[in-house]
């Protein structure tokens, strides 16, 4: 193998999970001599800094970088890792998760064989507290074992209609019908390969996970793509930009490349599982950024890249006790998106329903 793969880990206080994440890299079937594992410590206080120094001393493929000041989110260490990387390909790992042991080899072979700039696979969503395992959503039929139930997304019925109508009519309308592209939807598919995202817009309905993908270096560097400064939504923006600009995309519909652990114990929550106004504020800013990135693309691209995420946003908002002033801030951000995201009647209705729900909460607040 003449190429090298750089794998970037943003690290902050994940000491209890860190060794498992790094071990899943150094033991890859592709051989760690073909990897450059860049571990960027964002001023951890739990001993994570000592753990990555230990790995850097033990393995030639491991590089430890220590920030002098904490950035408060994953985007800065991820960008630090990109700048420090020298690999022909770039991947990302959240250090409290795991790669399956043949991830790097399988994704590398797929992106290389198809002369593509992005290749990615499925992931297992593992809920530690409840012990549930789900396969990530795909718009294509697969041949995976029935042991992997489909990923489900709870979305809040935030308007005053019966739940049956919401679940069976309105929610499916908002998500949009399946858009027929290059590949059929009526039989299992193993590999989807397209030259551009416009050939298969439904790819954007999948989770915007940067850690299930391998990127050819020139895609990121030549287009100057970096993680945007959001505590939540930075990965969504990065994933969208790379898919929009990629010359060749490969999706391995039957390949599980990643174990994504949902840290849902009260004493062990990740930053993005601790809901506060900043998280939803910056998440909406990422939607606005993503919508601006899709200017010049088809209506389908514009809708699919944003609309499904709005349901997640509303579900989180409705289940969080925000103050009147916080809701006013969030309403201003929704209105900001509303001004630029005018693709069709469905989208206008969705955003109007969101603003009405938040306005009602503001006007009925006793604070």
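The values are calculated or read from the model by the stated rules, or taken from the named source; none is laboratory data. Note that this is a predicted model, so its numbers are computed, not measured. In this analysis, Cβ positions are derived from the backbone assuming ideal geometry, glycine residues included, and neighbour counts consider all displayed protein chains.
General remarks:
- Scanning region 83-131 for residues that are out of contact with any strand residue (DSSP E or B) (no Cβ under 9 Å at 6 or more places or on another chain) and free of Cβ contacts under 8 Å to residues at least 24 places away in the same chain returns 83, 131.
- Screening the candidates 116, 147 for the property of being part of a loop (DSSP other than H, G, I, E, B) and at pLDDT below 95 yields one hit, 147.
- Candidates in region 212-245 are the residues that are buried (at least 19 other Cβ atoms within 10 Å of the Cβ) and over 17 Å from the mean Cα position of the chain (by Cα); of these, the one that is nearest to residue 86 (Cα to Cα) is 217.
- Among the residues listed as 328, 346, 361, 342, the single one being part of a loop (DSSP other than H, G, I, E, B), in contact with a helix residue (DSSP H, G or I) (Cβ under 9 Å, 6 or more places away or on another chain) and farther than 26 Å from residue 75 by Cβ: 342
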